[in-house]
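The structure under discussion appears below in the form of structure tokens.
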Amino acid sequence: MDKRKKTKIKGKKKAAIIAGSIVGIILILCLSGYLMINSYLNKIKYDPGVEALASEISPEPDDHTESDSPKAEIDMLNKKVEENLSTSSTPLLYDNDVFNILLIGSDTRTAGSRGRSDSMILISINKRTSKIMATSLLRDIYLQIPGVSQGNRLNTANAFGGPALLLDTIQQNFKIKVDKYIAVDFFSFMDIVDQVGGVDIDVTNDEIKVANNYIHEINNLKGLPVDNGELTLAGKQTLTGKQALSYARIRYVGNGDFGRTDRQRLVLEQVFSKIKTQNISQLNNLLNTSLPEVTTNLSKNELFSLVLSMPSYANDTIDSWRIPVDGTFSYLSVRGMSVLGIDFSKNTAEMRKRIYG
């Protein structure tokens with residue numbers, strides 16, 4: 001064998017070794033990445049979706065309306081919500097290109113227990129249009145909860161039967177397929193905001209007065225001095241987890257629950273914005289702290305797929321709005337509760353257009 005052939009064979013062997021090494025390194029990196037992501041996902045609480053239905057729930061602290069609406073109006077409202085739930089002619093809308101995840105923030109005061117869903121934001125990822133739609137569902141929407149004898153506010157479904165019943169309630173009333181949910185409570189929310197370094201919010205004097213009342217409540221629950229972490233000055237500032245939670249709960253300033261959902265989406269946008277700027281060490285701390293406090297019915301494989309897809313969503317257009325839309329609701333009082341009586345057909349049609357259009 002001449003020198004040229006030997007050199008050629010050596011070159012091929014060397015190239016094969018280099019190629020094999022590169023493949024080996026890639027496989028090791030992929031395996032390391034998988035193991036790292038898997039270790040994070042193991043921290044999450046996975047919900048099998050089986051919830052016992054409570055026979056009744058305690059009254060909400062802020063149910064204090066002076067008197068009910070006229071009986072005729074209440075009877076008409078109850079008739080409408082019962083008919084809406086029993087409507088079988090409209091199937092649940094489903095699209096393979098749209099993935100709906102309900103973000104649930106419960107008003108649980110005791111860690112690990114079940115409470116009302118103080119915040120409900122439906123995140124719709126539309127692969128076809130490259131849009132992400134954030135739809136706030138107002139908690140005071142009056143509707144029929146499957147299995148519950150009387151009409152009630154939407155936010156009570158979570159207290160009656162947990163996230164499984166809340167998803168079923170939304171699906172049956174709005175005829176929209178809700179694929180999965182991710183839930184946090186008061187304590188989880190505060191920890192997540194603190195881990196990202198707080199959120200930058202412009203707070204008014206009127207908002208400070210109400211927010212501080214919520215701060216006092218949290219301090220009482222955590223055994224802290226009543227004035228710990230109070231807001232003192234109006235203007236743009238970085239809010240801690242406790243302050244951000246109190247700000248997001250405000251509904252006695254401005255346009256009631258409509259204003260509160262605006263605040264909730266603003267805080268959520270700030271959290272997402274802060275996460276984008278975190279380094280590896282900060283993200284590690286965030287995930288280690290927050291994931292054990294998250295509950296979801298997403299499987300580990302589904303979560304893994306979502307994590308891998310995150311880079312492709314980075315440039316998606318994000319729009320936010322709320323249900324009910326203007327001109328489709330009225331304020332009523334039922335059994336001492338301030339509620340929203342809504343036109344389901346108009347709101348369902350708008351949800352279908354915005355989420356699937």
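Values in this text are rule-based calculations from the coordinates and carry no lab data. Computed from a predicted model, the values in this text were never measured in an experiment. Here the Cβ positions follow ideal geometry from the backbone for every residue, glycine too, while neighbour counts run over all protein chains shown.
Where Lys and Arg each count +1 and Asp and Glu each count -1, what net charge lies around Thr238 among other residues with Cβ under 14 Å from its Cβ?
Working: positive: Lys236, Lys242, Lys274; negative: Asp194, Asp200, Asp202.
Overall, the nearby charge balance is 0.
Could you put Met337, Met120 in order, starting from the residue whose Cβ has the fewest other Cβ atoms within 10 Å?
If I rank by nearby Cβ atoms, fewest first, I get Met337, Met120.
So, in nm, how far is label Arg335 from label Lys127 when the simple model puts each one 7 Å beyond its Cα toward the Cβ?
Taking the two extended label points, one gets 4.3 nm.
Under 15 Å from a point 7 Å along the Cα-to-Cβ line of Lys236: which residues of the stretch 172-208 have their amide N that close?
199-204
Once you have the Kirkwood Rh of the stretch 297-357 from its Cα pairs, apply Stokes-Einstein at 4 °C and 1.567 mPa s and quote D in µm²/s.
Calculated translational D: 86 µm²/s.
For a paramagnetic label modelled at 7 Å from the Cα of Asn213 toward its Cβ, which residues of the stretch 140-177 fall within the zone defined by backbone nitrogen distances under 19 Å?
Flagged as within label range: 140.
So what is the relative contact order of the stretch 266-357, in percent, for Cα pairs below 8 Å that sit 6 or more residues apart?
14 percent
Take the residue pairs Lys180/Lys300; Lys180/Lys274; Lys209/Lys276; Lys43/Lys180; Lys79/Lys353; Lys43/Lys175 and return only those whose Cα atoms are more than 22 Å apart.
From Lys180/Lys300; Lys180/Lys274; Lys209/Lys276; Lys43/Lys180; Lys79/Lys353; Lys43/Lys175, over 22 Å: Lys180/Lys274; Lys209/Lys276; Lys79/Lys353; Lys43/Lys175.
Bin all alpha-carbon pair distances of the stretch 253-357 at 5 Å intervals from 0 and give each bin's fraction as a whole percent.
Calculated over all Cα pairs of the stretch 253-357, the distribution is 2, 8, 11, 16, 18, 15, 12, 10, 6, 2, 0 percent.
Per residue of the stretch 275-290, in order, report the coupling 6.51 cos²θ - 1.76 cosθ + 1.60 (Karplus, θ = phi - 60°) as ³J(HN,Hα) in whole Hz, putting x for Gly and Pro.
4, 4, 9, 7, 7, 4, 5, 5, 5, 4, 5, 4, 5, 5, 7, 8
For Glu83, Glu207, Glu217, which order do you get if you count the other beta carbons within 10 Å of each Cβ and list the fewest first? Walk me through the intermediate numbers first.
Working: Glu83 11, Glu207 21, Glu217 16.
Lowest count first: Glu83, Glu217, Glu207.
At 0.36 nm per residue, minus the direct Cα-Cα distance, what do Lys222 and Asp206 gain on full extension? Give it in nm, one decimal, please.
That pair, Lys222 and Asp206, stretches by 3.2 nm at full extension.
For the stretch 195-299, build the charge dipole from Cβ charges (+1 Lys, Arg; -1 Asp, Glu) around the Cα centre, then report which of Leu268, Gly235, Ile201 sits farthest towards its positive end.
Leu268
Calculate the FRET efficiency for Ser309 and Asp343 from the Cβ-Cβ distance with a Förster distance of 30 Å, rounded to the nearest 0.05.
0.25
Quick check: pseudo-label points 7 Å beyond the Cα along Cα→Cβ at Ser67 and Tyr46, how many nm apart are they?
About 5.6 nm separates the two model spin labels.
Rounded if a/c is under 1.5, else prolate if a/b is larger than b/c, else oblate: which is the stretch 218-276, with a ≥ b ≥ c the root eigenvalues of its Cα gyration tensor?
Oblate.
So if I average 1/r over every pair of distinct C-alpha atoms in the stretch 146-304 and take the inverse, what Kirkwood radius in Å does that give?
Numbers: mean 1/r = 0.0571 Å⁻¹.
Over the stretch 146-304, the inverse of the mean reciprocal pair distance is 17.5 Å.
Counting other beta carbons within 10 Å of each Cβ, put Val178, Val199 in order, fewest first.
So the residues, fewest neighbours to most, are Val178, Val199.
Note down the nm distance, to one decimal, between modelled labels 7 Å out along Cα→Cβ at Met76 and at Lys276.
Those two pseudo-labels are separated by 4.7 nm.
Answer rounded, prolate or oblate for the stretch 189-234, using the Cα gyration tensor with square roots of eigenvalues a ≥ b ≥ c: rounded when a/c is under 1.5, else prolate when a/b is larger than b/c, else oblate. Provide the component values of the computation, followed by the final result.
Details: a/c = 2.22, a/b = 1.04, b/c = 2.13.
Oblate, since a/c reaches 1.5 and b/c is not below a/b.
With a sphere of radius 15 Å drawn around the Cβ of Gln195, what net charge do the other residues whose Cβ falls strictly inside it have (Lys, Arg +1; Asp, Glu -1)?
Around Gln195, the surrounding residues sum to +1.
Could you pull out every residue, at least 5 positions away or on a different chain, whose amide H is within less than 5 Å of the one on Ile182? Hs are placed 1.01 Å off N in the peptide plane, and Pro or chain starts have none.
Long-range HN contacts for Ile182: Leu102, Leu103, Ile104.
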